[in-house]
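The values are calculated or read from the model by the stated rules, or taken from the named source; none is laboratory data. Nothing here was measured: the structure is a model prediction, and the numbers come from that model. Glycine gets a Cβ as well: all are built from the backbone with ideal geometry, and neighbour counts include every protein chain shown. Surface areas here come from the heavy atoms of the whole protein model, side chains and all, with no ligands, DNA or RNA. Shrake-Rupley method; radii C 1.70, N 1.55, O 1.52, S 1.80 Å.
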Amino acid sequence: MNSILLKVITSVIVQAYEFTKTMKQKLLLETMNKELKERNIDLNISSKTDELTKLLNRRGFMEYGQKLIFFSEEIDTDGIVFFADLDGLKTINDKYGHDYGDRAIQASAEVLRTSFRKMDVIGRLSGDEFGIIASGMDIAFLDKLREKIDTMSEDISDVYNFPFRLSISIGAAKFDYNMKDLNELLSLADQDLYEQK
């Protein structure tokens, strides 16, 4: 009887040990899996973020911007795609150096971030070019927006103590049910920008 009881106790202890070992391995794997997912999210975000301005980069802007346009269509809302650029970046770089050029790009990003709503998608498309998608915004607001950007550009020039006046040009194209391709809308907004200049 003692021998049978000893075997049963030994068997239970071994099973408990194996169970505990399995649970520890499972917890370790779950922790590692969670860390990997968090790293993947961080990598995904950083691959779509512009390092200099902390705005979306071109890739992120095109992805999230097109999604916003499609979502706007689903909820039956129009909006505007903007194309903006920092005026005179080459002159700034040539006359004052690339550090000032980078600071001017950062200041431009700050002006745009402040001028638009939190729900709008803003990205740096290339050197001195930016894209913005504003769902639900009326094109009639464009003149006031340009004035706001001009005023903020002047103010931030003083804040950054620039030896030049920051200037940002902006063009716009309306998106709706019939016009929803982001590449095409950016081209139209870019054309509008050059007509404004």
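Of note:
- Candidate set from region 146-179 (those that are of a type in the set (S, T, Y) and in a loop (DSSP other than H, G, I, E, B)); member that is most open to solvent (accessible area, probe 1.4 Å): Y177
- Number of the exception - G136 against (1) modelled with pLDDT under 95; (2) open to solvent by 60 Å² or more (accessible area, probe 1.4 Å): (2)
- The residues of region 122-166 that are hydroxyl-bearing (S, T, Y), in contact with a helix residue (DSSP H, G or I) (Cβ under 6 Å, 6 or more places away or on another chain) and within 17 Å of I92 (Cα to Cα), listed by number, are S153, Y160.
- When region 88-108 is filtered for residues that are basic (K, R) and surrounded by fewer than 18 Cβ atoms within 10 Å (Cβ to Cβ), the ones remaining, listed by number, are K90, K95.
- Taking region 78-92 as the range and being touching a helix residue (DSSP H, G or I) at 6+ places or on another chain (Cβ under 8 Å) and part of a loop (DSSP other than H, G, I, E, B) as the test, only D78 passes.
- I80 meets all of the listed conditions (1) at pLDDT below 95; (2) under 18 Å from E184 (Cβ atoms) but one, namely (1).
- The set of residues in region 109-128 that are touching a Phe, Trp or Tyr at 6+ places or on another chain (Cβ under 7 Å) and either in a loop (DSSP other than H, G, I, E, B) or open to solvent by 10 Å² or more (accessible area, probe 1.4 Å) (or both) comprises V121, I122, R124, L125.
- Scanning region 61-77 for residues that are part of a helix (DSSP H, G or I), open to solvent by less than 90 Å² (accessible area, probe 1.4 Å) and over 22 Å from S47 (Cβ atoms) returns S72, E73.
- Taken over region 41-57, the criterion of being open to solvent by less than 70 Å² (accessible area, probe 1.4 Å) and modelled with pLDDT of 85 or more is satisfied by K48, T49, D50, L52, T53, L55, L56, N57.
- Listed conditions (1) touching a Lys or Arg at 6+ places or on another chain (Cβ under 9 Å); (2) open to solvent by 20 Å² or more (accessible area, probe 1.4 Å); (3) among the polar types (S, T, N, Q); (4) under 27 Å from E51 (Cα atoms) are all met by Q196, apart from (4).
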